[in-house]
Amino acid sequence: MTTTLDRLEATIRARRNGDPAASYVARLTADGRARMARKLGEEAVETVVAAMEGDAAAVTSEAADLIFHLAVLLADMGLSLDAVMAELDRREGVSGIAEKAARAKE
C-alpha cells in the first residue's frame, strides 16, 4: 500500500531535476542545500510559533510544510523518510534520556 509519505517522496524525486520556473521542488534543488536547510528551519520556527499560540489548525498546516521541506532536504542528501523511520524504530523502547546520553559518548 502506498502511503502519503511514499507519494510525497516519489513526487519530490520526480520533480528535483525539473524546470525551476514550473516546480517549487526544482527551484529548491537549484537553489542548493543551504536554501533547503533554511526553509526547513523557517518551517520549524513557524510550527513552534503556531504551537505557542495554541492554534491547532496552523500547527497542522505548518507541520505539513515542515515534513515537506524535510523530505526535500533528505532527497537532496540521498536519504529517505524510510531511513528516518528505521532510526526511530532503532530507538523504540529506549528512554530518550538514555538515548541522548549514549549519543554524547560517541
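The values are calculated or read from the model by the stated rules, or taken from the named source; none is laboratory data. Owing to the predicted nature of the structure, the values given are computational and were not obtained by experimental measurement. All Cβ positions, even for glycine, are placed from backbone atoms using ideal geometry, and neighbour counts span all protein chains on display. All accessible areas refer to the heavy atoms of the entire protein, side chains included, with ligands and DNA or RNA removed. Shrake-Rupley method; radii C 1.70, N 1.55, O 1.52, S 1.80 Å.
Candidates GLU62, GLU99, GLU92, GLU46: the one that is over 19 Å from LEU5 (Cα atoms) and modelled with pLDDT of 95 or more is GLU46. If you take the residues in the stretch 16-38 that are in contact (Cβ under 8 Å) with a residue 12 or more places away in the chain and open to solvent by 90 Å² or more (accessible area, probe 1.4 Å), which one is nearest to the chain's Cα centre (by Cα)? If we take residues in the stretch 16-38 being in contact (Cβ under 8 Å) with a residue 12 or more places away in the chain and open to solvent by 90 Å² or more (accessible area, probe 1.4 Å), then ARG33 is nearest to the chain's Cα centre (by Cα).
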